[in-house]
Amino acid sequence: PDTVRLLSSSQVITSVVNVVKELMENSLDAGASSIDIKLENYGLDRIEVRDNGLGIKAADTPVMAVRHFTSKICSHEDLERLETYGFRGEALGSICAVAEVSVITKTKEDDISTHYTLNFTGGIVSQKPSHLGQGTTVSVLKLFKNLPVRRQYYSSTKKCKEEVKKVQDLLTAYAIIKPDLRLTLVHNKIVLEGFFPKPGADHSSTSSSNPDKTFIFINNRPVHHKEIMKLLRQHYTAQYPDDSARNRYPTLMLKVTVPPSSVDVNLTPDKTQVLLQDKEAVLTAVEQLIHEKCPSPSS
Ligand code: ADP
Ligand code: MG
């Protein structure tokens, strides 16, 4: 069955631009007025589509990427007055068969967003709270990782550039047909380096309530960044309530490298505060790094 799934999925999901199109259409179907698309390594390492749409209801999340699940039609008659792009319930499930997929989503009713990691068959492997606002973010990592010939084919410089050009053309087309839609495309990489020791390891000597023990650098500049700081603290508070109750945090170091054009350091005369053009992306990446480097004791 795995082979069948891989084969049929590989016919539905054929290229980077194809993934972007499917995800964007889901965002539009969800009523999004803003869609942010991000590619890394021409989309081969990461395709991320973030929207501010309705989100996915908690009850639907276990089946959202199960083949042929769709929340868009309930009856046969619905097919005849179809006003959505999707109705087959094929895209998300097929993408799961050819890449690593995660979904962060929040509806108006939810207090916070939830980050779901999906497996090959579209089932949920794990879920955890996340910090994003209403809407849905789908991340597709390592596209065609299990279709080496196809991955190789799209890896040539010429093909890569062609795909990004096609994505740009696709976005232009949507921008024309939907003039009120806010659309962005970013093709680059945020580089994060961090030092997150396990709490408890260095209690007496280095831990303290001194906020200066958290070092944050953006493009090699030591900065104060309230939201990044909050995210780091939040993680330790959730995972190590005993330590944080005593206001003990270990020494943390986080280095963020982004394209120089996407930061504004001239907010304050001492330049210790920065304005990040793509703050949400940086926060998401930081969150991911924390979870990778410092997984919760239970997982
Ligand atoms: P289809 O679009 O044909 O319904 P998909 O596989 O593309 O099938 O998506 C499956 C289901 O997941 C959708 O019907 C919808 O309920 C949910 N979904 C996927 N992406 C989004 C999104 N960006 N916002 C809200 N719901 C989504
Ligand atoms: Mg769809």
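Listed values, structure above:
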{"read-out": "Scope the range 98-107; condition within 12 Å of ligand 1 (Cβ to nearest atom) and not polar (S, T, N, Q); matching residues", "value": "Val101, Val103, Ile104, Lys106"}
{"read-out": "Residue list for the range 65-78, filter: surrounded by fewer than 11 Cβ atoms within 10 Å (Cβ to Cβ) and within 15 Å of ligand 2 (Cβ to nearest atom)", "value": "His68"}
{"read-out": "Scan of the range 137-172 for residues that are touching a helix residue (DSSP H, G or I) at 6+ places or on another chain (Cβ under 8 Å) and not in a helix (DSSP H, G or I), ordered by number", "value": "Thr137, Val138, Val140, Leu143, Phe144, Lys145, Asn146, Leu147"}
{"read-out": "Lone qualifier among Ile56, Ile35 - being surrounded by 15 or more Cβ atoms within 10 Å (Cβ to Cβ), farther than 16 Å from His187 by Cα and of a type in the set (Val, Ile, Thr)", "value": "Ile56"}
{"read-out": "Entirely in the range 1-88, the helices (runs of 4 or more DSSP H) that have 1 or more residues that are in contact (Cβ under 8 Å) with a residue 24 or more places away in the chain, within 13 Å of ligand 1 (Cβ to nearest atom) and within 18 Å of Val140 (Cα to Cα)", "value": "2-12, 16-29"}
{"read-out": "Complete set of residues in the range 177-219 that are more than 24 Å from the chain's Cα centre (by Cα), modelled with pLDDT of 80 or more and under 21 Å from Val274 (Cα atoms)", "value": "Thr214, Phe215"}
{"read-out": "Single match in Ser126, Ser139, Ser156 (criterion: touching a residue at least 12 places away in the same chain (Cβ under 8 Å), more than 14 Å from ligand 1 (Cβ to nearest atom) and among the small types (Gly, Ala, Ser))", "value": "Ser126"}
{"read-out": "Scope the range 79-92; condition more than 21 Å from Lys106 (Cβ to Cβ) and either away from ligand 2 (no atom under 16 Å from the Cβ) or surrounded by 21 or more Cβ atoms within 10 Å (Cβ to Cβ) (or both); matching residues", "value": "Glu80, Arg81"}
{"read-out": "Boolean, Phe120 is away from ligand 1 (no atom under 12 Å from the Cβ), out of contact with any Asp or Glu (no Cβ under 6 Å at 6 or more places or on another chain) and in a loop (DSSP other than H, G, I, E, B)", "value": "yes"}
{"read-out": "Output for the range 249-263, where each listed residue is at pLDDT 80 or above and assigned to a strand (DSSP E or B)", "value": "Met253, Leu254, Lys255, Val256, Thr257"}
{"read-out": "Of all residues in the range 1-32 being of a type in the set (Val, Ile, Thr) and away from ligand 2 (no atom under 16 Å from the Cβ), the one that is surrounded by the fewest Cβ atoms within 10 Å (Cβ to Cβ)", "value": "Thr3"}
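The values are calculated or read from the model by the stated rules, or taken from the named source; none is laboratory data. As the structure is a computational prediction, the values presented were derived from the model and not from experiment. Neighbour counts run over all protein chains shown; Cβ positions are idealised from the backbone, glycine included.
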